[in-house]
Structures are given as structure tokens and as C-alpha cells.
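A short worksheet on the structure shown next.
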Amino acid sequence: MRRRRVDPAAGARAGALPEAIAALSRSLPSGPSPEIFRRAKFDRPEATSALWQLLFRVLSPLPAGNALASIALEVQARLVKSALCSQGYPRPALAQLPEDGSQGSRELLLALSWLLARGPVPEQMLAQTRVPLGDEMTVCQCEALASLGPPAPHMEAEGPVDVRRVQWLMGKLRFRWRQLVSSQQEQCALLSKIHLYTRGCHSDQSLGHLSVTEAEMLRDPEGGQQLLRTLEHENRRLEAVLAWRRAEPVFWQWMDTVLGTCAPEAPAAASQPTFLPWVPECGDGELELVVRELQTLEEELREAVERRRVAWEAKARGCGRGPEWSAARRASRETVEKELGALQRCWEQDSGPAPAHGPYRLVRREDGAAGDRDLRAAELIRTLRSQEACLEAVLRQLQRQCRQELARLAGALPGLIWIPPPGR
Amino acid sequence: MLPADCSRRLVDELQGALDACAQRQLQLEQSLRVCRRLLQAWEPTGTWAWEPPPEPETNEEDPLPACTPSPQDLKELEFLTRALEKAVGVRRGITKAGERNKAPSLKSRSIVTSPGTTASTPPQSPGQVGGHASDTRPTKGLRQTTVPAKGRPERRLPSVRDRTRAGIGARAPRSGAGLRNQHMASLAAPQAPEAFTLKEKGHLLRLPAAFRKAASQNSSLWVQLSSMQTSDSMDATAAKTQFLQNVQTTSGRSQPRLSAAEVEAEVRRLQKACSLLRLRVREELSAAPMDWMQEYRCLLTLEGLQAMVGQCLQRLQELRAAVAEQPPLPCPVGRSPRALPSCGGGAEPTWSPQLLVYSSTQELQTLAALKLRVAVLDQQIHLEKVLMAELLPLVSAAQPEGPSWLTLCRAAHSLLCEGGARVLTILRDEPVD
């Protein structure tokens with residue numbers, strides 16, 4: 001430990017630093033000991049593999065499990081590099097580190113601190129593995145029907161496929177949607193019953209009734225013991241995070257010194273490291289789709305605007321000139337600008353008063369009374385209905401567009417009659 | 001037949017959607033299993049899950065009591081009935097008397113008086129239950145009909161059981177006695193209360209003390225954490241920003257690189273922009289202007305929209321170029337595009353537990369149904385765009401002869417215009433010469 005200076009403040013700092021680091025490692029899952037951190041400052045090789053593993057745990061979006069632990073160190077290292085790169089880690093030295101864990105602990109320590117500085121990492125990791133005590137429902141749609149993990153490779157469709165197979169798959173999908181609807185209705189009914197029957201049980205007055213997890217705990221005491229143990233473990237982690245947050249400033253002072261001991265990077269173009277060939281088109285396909293849509297829209301607008309501009313000019317020439325004329329035109333311009341500005345803000349700011357990301361605990365109350373931080377089902381229903389209407393409009397519009405396009409392509413043929421299916 | 005790469009893309013996309021639905025269905029079914037089990041009859045303390053089957057029990061001395069019971073049996077029956085009534089009365093008195101902790105009832109597993117444990121963990125029973133081992137089977141029958149609401153009455157039952165044991169004597173061949181008790185108990189049925197169900201006795205349940213303590217500690221810690229988050233100390237924030245800047249400068253690059261995550265977020269924003277713009281364009285194009293003022297405004301709006309579309313396209317070209325010069329970094333482990341907290345970008349993630357209050361089953365069902373509908377619509381729109389991108393070029397490029405083209409057209413129409421729900425009919429109408 002650094003006790004070079006004599007002033008008492010430094011003495012206090014020197015004592016506070018190990019505590020801060022200890023709190024940090026307690027707050028992270030399988031965090032390495034403070035000794036590892038100290039060794040990493042001096043770029044000792046023995047600290048390297050622990051830091052690779054920690055970074056892997058932090059960066060992997062999948063929840064922890066035995067599967068993760070069994071991945072080889074080289075693979076973990078490569079994935080860490082790829083993840084850091086995709087998050088925009090600026091230092092090129094990271095990409096050049098050997099993947100066998102033989103050196104580079106200081107760079108890894110810097111990378112870890114970079115992540116810690118950018119976001120509330122320990123809290124996020126805790127939230128990922130949080131013990132859900134209540135019946136939870138997420139309000140945001142970001143994980144609604146998204147599948148987790150890489151898509152399973154499908155053996156079948158390796159060659160050309162008949163379009164009827166595509167139709168069949170679509171039919172299967174529609175069936176699954178219907179199945180989901182009915183299963184979900186049943187689940188809600190049962191959940192509601194359980195809430196109703198256990199009202200008055202809960203020690204916490206604001207909740208009032210048991211959740212399925214809690215009732216299940218009463219039914220199955222072994223499971224209950226397990227739940228209790230996990231809960232207490234989470235409490236210890238929470239306390240560690242709070243301690244870390246209080247002791248943080250000391251850590252950042254120390255990290256500045258760590259950064260100081262690094263040699264400055266030469267601004268050379270680092271060679272692009274090779275990454276695991278994962279799903280290569282993720283994000284890219286989306287970009288192309290949007291570009292194409294916008295281009296179609298642009299075409300359409302170009303024609304429409306030209307037409308209307310010409311028509312307008314012709315009309316305007318006929319009308320008189322005058323101050324009220326130009327005043328009226330200016331007023332129109334301002335109104336339009338304001339409207340379009342509001343429209344632009346719709347997508348520039350991510351939906352203003354959005355309900356918080358993260359799960360809510362479902363609570364049944366006959367009177368539906370809710371505190372200010374709580375959400376009422378009725379309001380959420382309203383929001384969802386408007387979203388539904390919006391999405392339905394988009395879908396219908398797309399379908400209309402297709403109908404026109406297909407009519408254009410196919411209608412030119414003589415000798416065929418196209419009988420559309422009966423309407424709804 | 002569709003070309004190979006097109007087929008692959010379409011099938012992959014549809015299969016991905018199918019997998020996502022299957023996953024959700026699995027989650028729902030798991031939850032349904034748990035809920036259904038909770039709504040049936042269960043024993044709050046032990047892990048008693050099944051009823052002893054009558055058949056295998058009839059092995060020994062006792063003849064099936066299906067025939068007329070002997071006088072001794074009748075006496076025992078009467079004794080048992082009285083004992084049962086007494087037990088019920090005692091228990092009712094207890095439950096009226098007030099609440100007691102559930103904790104003792106959890107501990108009662110180690111006490112002899114829980115036949116439930118023997119039912120589910122037979123190897124344990126001899127050691128655990130000790131002298132009452134032989135007793136537990138017959139009393140299982142007893143308990144079957146007098147299952148307590150909370151398991152507290154176990155404290156009382158031993159006395160009853162002792163008496164019955166004394167009364168019945170050392171006659172504890174498990175099977176016969178058990179069966180007899182079942183039979184007798186069913187004879188005595190009108191008096192005996194029913195098995196525990198959430199419906200009837202749910203409101204009497206209580207959570208164990210240890211759990212309550214841990215849960216309240218947990219929620220207060222989360223609240224502390226979230227309040228600390230919002231009032232993050234100035235030192236720490238300043239220190240962090242400074243550190244990030246220092247790292248940036250030591251890296252030899254002045255501009256931070258565009259990360260894949262940022263590119264994705266921007267693409268999503270522009271996607272949203274695109275759909276909003278398109279909706280607005282539709283509105284304007286379909287509106288019928290009444291007078292010149294409206295017409296003028298319509299024109300201006302369309303021109304403004306055109307400019308905005310141009311801006312978005314330009315931004316997308318820039319992104320494309322930026323992505324191309326640094327190779328598009330593949331996503332790390334797992335699929336990140338949807339799994340990343342897309343809406344957590346703007347909103348502050350709150351850590352403390354929040355409530356979603358509903359007032360009736362119907363409300364909850366409506367809410368859940370709407371959520372699902374919005375998710376399904378999202379999926380449908382995405383599929384529609386993919387299908388449009390793949391199928392329309394095929395239809396326009398294909399030679400319009402032969403039945404395969406007609407199949408393609410029909411399929412394309414059904415998929416693109418009817419969501420795969422309906423198919424149109426094509427009638428060949430050859431002119432008769």
C-alpha cells in the first residue's frame with residue numbers, strides 16, 4: 001500500500017482505498033480480491049486471467065451459469081475484446097493483448113475502470129440477477145418477443161425453398177400467436193385468483209396479498225429456504241454496492257495514477273483484430289431496410305411535391321398580391337415549421353415521459369388506488385391502445401402499398417381474373 | 001422455387017419469430033403449472049403432494065372394511081369421530097384466537113408431527129419420525145380429512161393422535177388402519193372440514209419471519225441504492241468524467257469511435273423517424289384541401305417532410321460509411337440487437353421496486369392481451385418489411401408465364417397483403433374463339 005506521504009489525509013486515503021476495492025469486488029459477481037487489483041496496477045502477469053474472467057462476466061449479456069464458466073480463457077478473452085470494441089473502447093492496446101492470460105493486467109484494469117466510469121455496472125449486474133419476489137410485468141417492449149441467445153442453426157432450409165413452405169411457416173406462426181393469447185388469458189385469470197384469495201396475508205400493507213412466488217414458498221419449504229438464501233445473498237451484494245458508492249472517489253484517484261504509469265499510445269492505426277465470426281449481419285440488415293424505406297418514401301414525395309408545386313404556382317399567379325397575402329403565407333410557413341419540429345422531436349428524444357424500464361410488481365387492489373410512483377393498469381392500457389392503433393395503421397399502410405404494387409405487376413396480364421378474398 | 005439465399009433469409013426470419021413465440025409459450029406454461037398447482041388443494045407446511053392409493057394398502061390382517069364393520073370397528077369409529085370433532089373445535093378456537101408465526105410451522109418439520117414429510121421423503125421418515133413412524137400412515141388418513149389451514153394445529157393433534165392411538169391400540173399395521181381411517185373418516189365426513197385450498201383459507205396464510213425480515217431489508221436496500229443513484233456525489237461524477245477523458249486522450253485518438261451499440265441506437269431512432277414520416281406523408285397526401293390556404297400549407301408540409309427524409313437518408317449514408325471503414329463489429333455473446341435495453345437509453349433505470357396496480361381480473365387480462373398484441377404487431381410489421389424486400393423483386397423479375405409464377409403471385413399476395421390469413425383466387429379466363 002502507498003504510505004509514502006506523511007500527511008494524515010493520505011493515511012486515511014490509504015486505508016480507504018483497500019476498503020473501496022474490497023467493496024467493489026464484493027459487489028461484482030465472483031469479483032477478484034483487492035490483491036489482484038493492486039498487482040494489476042503494476043502489470044503483474046498473475047493478475048491477468050482473473051481480470052479476463054471478470055470482464056467476461058460483466059460484458060456477457062447472458063445470465064451467469066455453469067455454461068459460462070466452462071468457456072475456455074482464450075475464447076473469453078476474444079469475446080471480451082470484441083465486446084469492448086463494439087462498445088467503443090478507445091485504447092488500441094487492448095486489442096493487441098495476448099489471449100492466453102500471460103500479460104496485460106494493467107490494460108484490463110483500465111478497461112474495467114472505463115466500463116465502471118461509463119455506467120452503473122454493479123447495479124446493472126445486480127438487477128440482472130435480481131430475485132423476483134412478486135409477480136412481475138415489464139412495461140417496456142424491448143424484450144417482448146425477442147429471443148435470447150444466438151438463433152439455433154436450422155438444418156432444413158439449406159437449399160431453395162418452395163414459396164408454399166414460407167406460407168406454411170407463416171400459418172404456423174399465426175397459430176402460435178393465437179396460442180399465446182389464450183395461454184396468457186388463462187395465466188392472468190389464475191394469477192388474479194391467487195391474488196384475490198390471499199389478500200390480507202402480507203406483512204407489507206402496501207402489497208396486501210401474496211404473490212405466486214411467496215405462495216409457492218409456503219407450499220414448498222425447501223424451495224422457500226433456497227429463495228431465502230438467495231435473497232440474503234442479494235442483500236449482502238446490495239450492501240457491498242452501497243459501500244462501493246460511498247468509497248468511490250478514492251478509487252478514481254487511484255485509477256488516475258494507474259493511467260499515469262502507462263506509456264502514452266502512439267497514434268498509429270492499429271491493425272484490426274480478428275473477431276469471432278458471430279452473427280455478421282446484426283444491425284446491418286436493419287440499416288439497409290430503413291435506407292430502402294426512406295428511399296421509396298423520397299421517390300414518392302418527389303413526385304407528389306413536384307406536381308403540387310406546379311399546380312400551386314399556377315394558382316398563385318392567378319391570385320392577387322398584397323400584404324395580407326404575404327402575411328398569410330408567412331403564418332402558414334410558421335405553423336408548418338412548428339408542426340414539423342414537433343414531429344422531429346418525437347424521434348429525437350426517446351419517448352419523453354416513458355415509464356421506467358424494468359419490471360413492475362403486480363398488485364391487486366379493489367379500489368385501484370396507487371401511489372405517485374406506482375403505475376395504474378388503466379393508464380397503461382390507454383398508452384398501449386394508442387400504440388396498438390399506431391402500429392395497426394403502419395401495418396395496414398404497408399399492406400396497401402403491397403396490394404398496389406402487386407396489382408401493378410400482375411394486373412397487366414390478360415386472360416386472368418384476380419378475385420380477392422372476401423373482406424373481413 | 002425461391003432462390004437459395006432468399007429462401008434462407010426468409011426461413012431464418014420466420015423461424016426466429018417462431019422460436020421467440022415458442023420460448024414465450026414455454027414460460028407461460030411453466031407459470032400456468034405453478035399457478036394451477038397452487039389453486040388445488042395443498043398442504044402449507046409439508047411437502048405432502050399425493051393421496052395414498054387405497055389399493056396397495058390392503059395387504060395385511062384387516063379385511064377390507066367394505067363389508068359390514070364389526071362391533072369393535074364401530075366403537076372405534078365412534079371414538080374417532082368424537083376425536084375428530086374435538087380436533088376441529090380446538091382448531092377453530094385456535095384460528096379465532098389470533099395469528100401466530102409461520103416459522104414454528106416450518107420448524108415443525110423436524111417435530112414428529114408432520115406426516116407430510118414422511119409422504120414425500122420416505123427414507124427420512126424412520127429416523128425423523130421416530131416412535132411415531134408406524135403411526136404416521138394411519139394418521140395420514142386422519143389428516144387427509146382434517147388438513148389444517150395453517151399447520152399450527154399440528155401442535156394440538158399429537159394429543160388427539162395419542163388418544164386415538166391409545167384407543168386403537170397397538171394396532172398399527174399401516175395399511176389397513178390407514179384404509180379404515182379413510183373409510184371411517186369418509187363416514188364421518190359431514191363434520192370434517194375440507195382440505196386446504198387457497199380459495200377458502202388463503203387469507204390465513206402467513207409468511208415466515210426470516211423471510212419477511214430479509215424481504216424488507218432487501219426492499220429498503222434497493223431504495224437506498226436508487227436514491228444514491230439520483231444524488232450521485234459530485235466528486236465521483238467529476239472524477240469519472242475526467243478519467244474517461246484521460247483514457248480517450250491517452251489512446252491517441254481525439255474522437256471517440258462510434259460503437260456498434262451507438263450505431264444500432266441511431267438506426268432504431270431513424271426507423272422510428274421513418275415510420276412517423278411515412279404516416280404523416282400519407283395523411284397529407286390523402287387530405288383534400290378546402291381552400292388555397294390549406295393547399296399551401298399542405299404543400300409546405302410535404303416539402304418540409306421531403307427535406308426531413310433527405311436529412312435522415314444522409315445520416316444513414318454517414319452511418320453506413322462509418323460502419324464500413326471500421327469493420328462492422330460482430331455482436332458479442334448472444335444476440336444484442338433486441339436484448340439490449342433499447343428503451344433504457346433515455347430513461348433512467350430505477351432500481352427500487354415499483355408497483356403496477358390493477359383492480360380486476362378483466363383489467364389484468366386486457367393489459368396483458370394488449371401488451372402481447374403490440375409485441376405481435378411489431379413482429380408482424382418487421383416480417384412484412386422483410387417479405388416485401390424479398391418477394392416483390394422476385395415477382396417483378398420473374399417471367400409471367402407458367403403456373404409457378406401464378407403460385408408465386410398468389411403466395412406473395414397472401415403473405416404481403418393479407419398477413420398470410422387469406423388467399424385470393426385466380427381465374428383463367430381464356431377467350432372462347
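The values are calculated or read from the model by the stated rules, or taken from the named source; none is laboratory data. All figures in this text were calculated on a predicted structure; none of them were measured in a lab. Neighbour counts run over all protein chains shown; Cβ positions are idealised from the backbone, glycine included.
General observations
- For B:Leu26, the conditions (1) modelled with pLDDT under 70; (2) within 14 Å of chain A (Cβ to nearest Cβ); (3) surrounded by fewer than 12 Cβ atoms within 10 Å (Cβ to Cβ) all hold with the exception of (1).
- Tallying residues that are within 7 Å of another protein chain (Cβ to nearest Cβ) and either farther than 15 Å from B:Leu198 by Cα or not in a helix (DSSP H, G or I) (or both) within the range B:29-38 yields 3.
- Subset of the range A:96-127 (residues that are among the polar types (S, T, N, Q) and outside any loop (DSSP other than H, G, I, E, B)): A:Gln96, A:Ser105, A:Ser113, A:Gln124
- Residue match in the range A:182-202 (condition: within 31 Å of the chain's Cα centre (by Cα), of a type in the set (A, V, I, L, M, F, W, C) and either under 30 Å from A:Arg26 (Cβ atoms) or not in a helix (DSSP H, G or I) (or both)): no
- On the stretch given as the range B:302-345, residues that are at pLDDT below 50 and more than 7 Å from chain A (Cβ to nearest Cβ) total 1.
- When residues of the range A:40-75 are limited to those that are modelled with pLDDT under 80 and farther than 19 Å from A:Arg130 by Cα, the one surrounded by the most Cβ atoms within 10 Å (Cβ to Cβ): A:Ile71
- Taken together, A:Gln387, A:Gln399 contain a single residue that is touching a Cys at 6+ places or on another chain (Cβ under 9 Å), on the phi < 0 side of the Ramachandran plot and part of a helix (DSSP H, G or I), which is A:Gln399.
- Qualifying residue in the range A:404-424 (condition: without any contact (Cβ under 8 Å) to a residue 60 or more places away in the chain, more than 7 Å from chain B (Cβ to nearest Cβ) and buried (at least 16 other Cβ atoms within 10 Å of the Cβ)): no
- Boolean, B:Ala288 is under 30 Å from A:Trp254 (Cα atoms) and of a type in the set (A, V, I, L, M): no
- Residue in the range A:210-226 that is among the acidic types (Asp, Glu), in contact with a Pro (Cβ under 7 Å, 6 or more places away or on another chain), more than 17 Å from B:Ala209 (Cβ to Cβ) and not in a helix (DSSP H, G or I) present: no
- Restricting the range A:243-253 to residues that are farther than 14 Å from A:Ser25 by Cβ and hydrophobic (A, V, I, L, M, F, W, C), the residue that is farthest from the other protein chains (Cβ to nearest Cβ) is A:Val250.
- Among residues of the range B:382-395, those that are within 13 Å of A:Glu293 (Cα to Cα) and within 7 Å of chain A (Cβ to nearest Cβ), counted: 4
- Of the residues making up the range A:94-128, those that are more than 13 Å from chain B (Cβ to nearest Cβ) and among the polar types (S, T, N, Q) are A:Ser102, A:Gln103, A:Ser105.
- So B:Cys274, is it surrounded by 16 or more Cβ atoms within 10 Å (Cβ to Cβ), facing chain A (nearest Cβ under 8 Å) and in contact with a Pro (Cβ under 6 Å, 6 or more places away or on another chain): no
- For A:Ala240: the one exception among (1) crowded, with 17+ Cβ neighbours inside 10 Å; (2) facing chain B (nearest Cβ under 7 Å); (3) at pLDDT 90 or above: (2)
- For the range B:251-263, the count of residues that are in a helix (DSSP H, G or I), surrounded by fewer than 20 Cβ atoms within 10 Å (Cβ to Cβ) and at pLDDT 80 or above is zero.
- Within the range A:76-89, considering residues that are surrounded by fewer than 21 Cβ atoms within 10 Å (Cβ to Cβ) and modelled with pLDDT under 85, the one nearest to B:Thr249 (Cα to Cα): A:Gly88
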